[in-house]
Each structure stands twice: as C-alpha cells, then as structure tokens.
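One structure is given here, and the rest of the page talks about it.
The values are calculated or read from the model by the stated rules, or taken from the named source; none is laboratory data. Keep in mind that what you see is a predicted model, and the values were worked out from it rather than measured. In this analysis, Cβ positions are derived from the backbone assuming ideal geometry, glycine residues included, and neighbour counts consider all displayed protein chains. Ligands, DNA and RNA are stripped out before the accessible areas are found, and what is left, the full protein with its side chains, is counted by its heavy atoms. Shrake-Rupley method; radii C 1.70, N 1.55, O 1.52, S 1.80 Å.
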Amino acid sequence: MQILADLNGKRMPLSEVMVPALDRGFLFGDAIYEVLRIYQGRSWLLDEHWQRLGRSLESIRIQGVDLARLRARALDLIDASGVQEGMIYIQVTRGAGVRRTHAFPPQATPLELLWVEGFTDPYAEQRRIGTSVITLPDIRWDRCDVKSTNLLANVLGSQAAKEAGCLEALLYLPDGTMTEGTHTSFFGVLDGQVLTAPNSNAILPGITRGLVLRLAASAGITLREHVLKRDDLKRVSELFLTGTTTEVMPIVRVDDQTIGNGKPGPVTLRLQEAYREVVREFTQ
Ligand code: PDD
C-alpha cells in the first residue's frame, strides 16, 4: 500500500521523497521528530505532542517552523490518507547548508517531513500475555528529554533486545538508576506503589507516560515519580512499558527473571483498561 507523505508542504508518496545529501538530519542527526497514534482516523493526544515538538525545536534552536501550519498540514495529511488505524511521523531537520560544517549554517531552511502509515496493531497479543525485556547500560547523551533523531544508542539497544528475543531494552545509568526503554517509558510496582522515573534530562517526557499518570490519579492508584534502581527489579511485583504504539504493555520477564507470577499484574491490567476506556471515549 502506498504511504502518503508531505515534504515541505508538497504531497507525494513516501517512496518518492528525496532529501538532499547535505541535509543536516541526514549528516548529523540534527533534527527532531514526533510519532502520534491515529485511532479511527483521528490523531491521539495532538496538543501534548505539539507542545513537545515545539519544546524540542526550541531546545536545539531550530527556528522558522510555523507550528500551527505544520499542525494543519498533519491533520490534512491524515484525512487525505484515509488511514483509520496507524500513526503519523513528523520530522523537522535544521535543513541543508552549502557545505558540511558542524556549526549551524547561516541560511538553512528547516526541512519538514511527515507521513501517515496505516497498520494493524502489532502488539495486541503481547499486551494480553505480557512481554520480555533485557537491561542494558544507558550509553546515550545528556539531553534525552529532547526528541532528537540522533538515536544510535537506542537503535543498538533495540537490536540487542531483538536478538535476545525481547521487545525492549530497559536502560540503566552507571549508579544503577533505571531511566527508560529505547523507545518506551517504563513503570514498576514496588511495595504496593507504582513508580516511574521523574521527568529530567535523563528521559523523554513520554506523552503516554503523562496520560498514565493522569489515569492512575483518577483511578485512585498510588503513583510516585521516583526512580527505580536496577536492584529493585528483583523485588518488583509488576513492570510495564508505555509508548505511543506500545500503549500499556505488561512485562513478565526481565533478563533471566520472571516478574510476579509470569502474568500481567493487577495494577497493569487496571491501567491498560483505563487506557482502552479513554481511547474508546475519544473515538466515539
Ligand atoms: N518513541 N522514551 C523514548 C526514548 C522514546 O523514543 C519514546 C517514544 C518514549 C515514549 O514516548 P511517547 O509515549 O510519547 O510515545 C519514551 C517513539 C514512539 C518512537 O521513537 O517511535
């Protein structure tokens, strides 16, 4: 099936999109991105994603992007694609200089690329039975709060997880502090409390993470933004991932260790159901 894209306001099939070799996203990973879920033809948590997009642009000082226009183009592209279940990918790079220099080129115009991709939810079964993850050292940089396309450490971590037959790698700092997954946020239940790392430069402020915080509060589930240590993983009764396409994903195995009784735990299931419920309300 053809995937519909928009490059700098021009609509075309994704397979026909060409990016200049001197584009800084290509050369340096000098770019930011967003991924939004589309449920029944409508973009989910649009305001939250747009706010983070603006923040990412500001953080790396990409100027000249009209966020309102970009947003209108994103919505038009979703409509034109006819996609009901899927995602929209949005990337903004600093553009191309006349030659390759590390410092910003004086007159680069940001490059804006969007595409809409339909899919059949690939995680439905794993969400029901739970998934396995590995742990790995977090070798990323010091601004993981910026949604940059500079994802080499995430790519290598995700590949290591795949080769171990797992869905995700949970990352930890040298002092044992758990940060997040390579492309997901994560939560644990320790001594009856749900914990997740507080927002900082060490993690991406996940949009789904934010929603789960709100869902837990309205369900009366005690949740604290407090880091888990790698040693805590031996004691947690539940673990789960959150992310735009992952939604709320129970973890039943970490490295060689089974979590709880090897089945999704009760708190995870409640939050999963709360998530489904708000999506149901959104799509009605
Ligand atoms: N990943 N942490 C990292 C490092 C991520 O890349 C992502 C998202 C998340 C979850 O954030 P959110 O709930 O806003 O999707 C956490 C996207 C989906 C990706 O790279 O494809």
Seminar exercise, completed: Quick calc: nm separation of the 7 Å Cα→Cβ label points for GLN257 and ALA217 -> 3.1
Problem set entry | Taking segment 4-118 and dividing mean pair separation by its residue count, relative contact order in percent (alpha carbons under 8 Å, at least six apart) | 38
For this session: Within segment 78-133, list the GluC sites (Glu not before Pro) lying in a DSSP loop whose Cβ has at most 14 other Cβ atoms in a 10 Å radius.
Result: GLU85
Problem set entry | Stretch gain in nm, segment LEU151-GLN284, where the contour uses 0.36 nm per residue and the Cα spacing is subtracted | 44.3 nm
Problem set entry | Within straight-line cross-link reach of LYS10, aspartates and glutamates at Cα separation under 14 Å, skipping those fewer than 8 residues along the same chain | ASP76, GLU112
For this session: Report, in debye and to the nearest 20, how large the dipole of segment 4-118 comes out about its Cα centre when Lys and Arg carry +1 and Asp and Glu carry -1 on their Cβ.
Result: 380
Problem set entry | Amide proton proximity set for ASP145, modelled H, under 5 Å, gap of 5+ | ILE203
Problem set entry | Relative contact order of the chain, pairs being alpha-carbon contacts under 8 Å that are 6 or more residues apart, as % | 17
Problem set entry | Residue-averaged [θ]222 nm for the chain, counting only DSSP H segments that reach four residues, each worth -39500 (n - 2.57) | -9000 deg cm²/dmol
Problem set entry | Sparse-neighbour loop sites [trypsin sites (Lys or Arg not before Pro); segment 118-221; at most 16 other C-beta within 10 Å; DSSP] | ARG143
Problem set entry | For segment 186-203, Karplus couplings with θ = phi - 60° (6.51, -1.76, 1.60), whole Hz, Gly/Pro x | 8, 10, x, 10, 10, 6, x, 10, 7, 10, 8, 4, x, 4, 6, 5, 8, 9
Seminar exercise, completed: For HIS226 the rounded accessible area (nearest 10 Å², probe 1.4 Å, non-protein molecules ignored) is 80
For this session: Name the residues whose placed amide hydrogens come within less than 5 Å of the amide hydrogen of THR135, ignoring near sequence neighbours (fewer than 5 apart) on the same chain.
Result: LEU170, ASP255
Seminar exercise, completed: So the FRET efficiency between SER15 and ASP121, C-beta based with R0 = 25 Å and rounded to 0.05, is 0.55
Seminar exercise, completed: Ordered by number, the trypsin sites (Lys or Arg not before Pro) in segment 53-120 that occupy a DSSP loop and have at most 15 other Cβ atoms within 10 Å are ARG61, ARG99, ARG100
Seminar exercise, completed: Among TRP115, VAL65, ILE88, the residue whose Cα sits farthest towards the positive end of the charge dipole of the chain (+1 at Cβ of Lys and Arg, -1 at Cβ of Asp and Glu, taken about the Cα centre) is VAL65
For this session: Mind pulling the angle between the C-alpha long axis of helix 266-283 and the longest principal axis of the chain? Nearest 10 degrees, somewhere in 0 to 90.
Result: 40
Seminar exercise, completed: Karplus ³J(HN,Hα) for segment 25-33 (6.51 cos²θ - 1.76 cosθ + 1.60, θ = phi - 60°; Hz, whole; x = Gly/Pro) runs x, 5, 6, 10, x, 8, 6, 10, 8
For this session: Would you kindly state how much longer the chain becomes between GLN2 and LEU269 on full extension, computed as 0.36 nm times their sequence separation minus their alpha carbon distance, in nm to one decimal?
Result: 92.5 nm
Exercise. Can you pull the percent of Cα pairs in the chain with separation above 25 Å?
Worked result: 49
For this session: Mind putting a number on the dipole of segment 194-284 about its Cα centre? Charges go on the C-beta only, +1 for Lys and Arg and -1 for Asp and Glu, and I need it in Debye to the nearest 20.
Result: 100
Problem set entry | Debye log10 I(q)/I(0) for segment 1-87, one point scatterer per Cα, at q = 0.11, 0.19, 0.25 Å⁻¹ | -0.34, -1.04, -1.43
For this session: Report, to the nearest 10°, how far helix 152-163 tilts away from the longest principal axis of the Cα atoms in the chain, using its own Cα long axis and a range of 0 to 90°.
Result: 50
For this session: In whole angstrom, note down how far apart the Cα centers of segment 219-284 and segment 49-64 are.
Result: 29
For this session: Assuming a ≥ b ≥ c are the square roots of the Cα gyration tensor eigenvalues, decide whether segment 124-283 counts as rounded (a/c under 1.5), prolate (otherwise, with a/b larger than b/c) or oblate.
Result: rounded
